[in-house]
1. How large, in percent, is the carbon and sulfur part of the accessible surface of the chain at a probe radius of 1.4 Å?
2. First select every other residue whose beta carbon is under 13 angstrom from the beta carbon of S84; then total the charges, Lys and Arg +1, Asp and Glu -1.
3. So for T5, T82, what's the accessible-area order with a 1.4 Å probe, most first?
4. Just to check I understand the Karplus step: with θ = phi - 60° and J = 6.51 cos²θ - 1.76 cosθ + 1.60, what whole-Hz values come out for the range 74-91, glycine and proline as x?
5. Mark the label point 7 Å from the Cα of Q118 along Cα→Cβ and return the residues of the range 22-52 whose backbone N is within less than 15 Å of it.
6. Given the C-alpha centroids of the range 15-56 and the range 64-78, what is the distance between them in whole angstrom?
7. Past the 12 angstrom mark, what percentage of all C-alpha to C-alpha distances in the range 1-59 do you count?
8. What ³J(HN,Hα) values, in whole Hz, does the Karplus curve 6.51 cos²θ - 1.76 cosθ + 1.60 give for the range 13-24 when θ = phi - 60°, with x put for Gly and Pro?
Amino acid sequence: QVQLTESGGRSVQAGGSLRLSCAASGLPFSSSAMGWFRQAPGKEREFVATINTRGMTSYADSVKDRFTISRDNAKNTVYLQTNSLKPEDTAVYYCAVRTVIWGSTLAREYDYWGQGTQVTVSS
C-alpha cells in the first residue's frame with residue numbers, strides 16, 4: 001500500500017520560512033521522481049517544483065530562487081524549503097510521486113498524492 005505522510009504546513013508572516021516534508025512508503029522511492037504542487041482557493045492546481053532520481057530540479061518561475069526541493073533516499077522523504085514567503089504563496093501544498101526516473105510539470109502525470117498541507121502567509 002502506497003502512503004505519503006506530509007507535515008510542516010502552518011501559518012507564517014510574510015518573509016518567513018517553512019520546511020515541508022513528505023515521507024513515502026510502499027513504492028520504489030529511489031527510482032521515482034518527486035514533485036510539489038499547490039492549489040489556492042478558486043485556482044487550478046499548479047506546479048511548484050520537481051526533482052528526478054539524479055537530483056536534477058525544476059521550479060515554477062513564481063518560486064524560483066526562493067524555494068528549494070530536495071530528497072533523502074535513505075529516509076524515503078522529499079522536502080520543500082520555502083523562504084521569503086509571500087501572501088500569494090498561500091495554498092494547500094501537495095506532495096506527488098511519479099514512478100519513473102524523470103519528473104514532470106504536469107499534475108496528471110503523477111501517480112500518487114499526499115493529503116496536502118496548508119500554508120498560510122499573512123501580510
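The values are calculated or read from the model by the stated rules, or taken from the named source; none is laboratory data. These numbers come from a predicted model, not from an experiment. Backbone-built Cβ (ideal geometry, glycine too); neighbour counts: all protein chains shown. With ligands, DNA and RNA removed, areas are computed over all heavy atoms of the protein, side chains included. Shrake-Rupley method; radii C 1.70, N 1.55, O 1.52, S 1.80 Å.
1. Details: 2840 of 6480 Å².
The value for the chain is 44 percent carbon and sulfur by accessible area.
2. Net charge around S84: 0.
3. T5, T82
4. 5, 9, 6, 9, 10, 10, 10, 8, 10, 10, 6, 5, 10, x, 6, 7, 4, 4
5. Under 15 Å, as judged by backbone N against the label point of Q118, lie 39-42 of the range 22-52.
6. For the range 15-56 versus the range 64-78, the Cα centre distance is 8 Å.
7. Value for the range 1-59: 76 percent of Cα pairs lie more than 12 Å apart.
8. Result, rounded to whole Hz: 8, 3, x, x, 9, 9, 10, 8, 10, 9, 9, 10.
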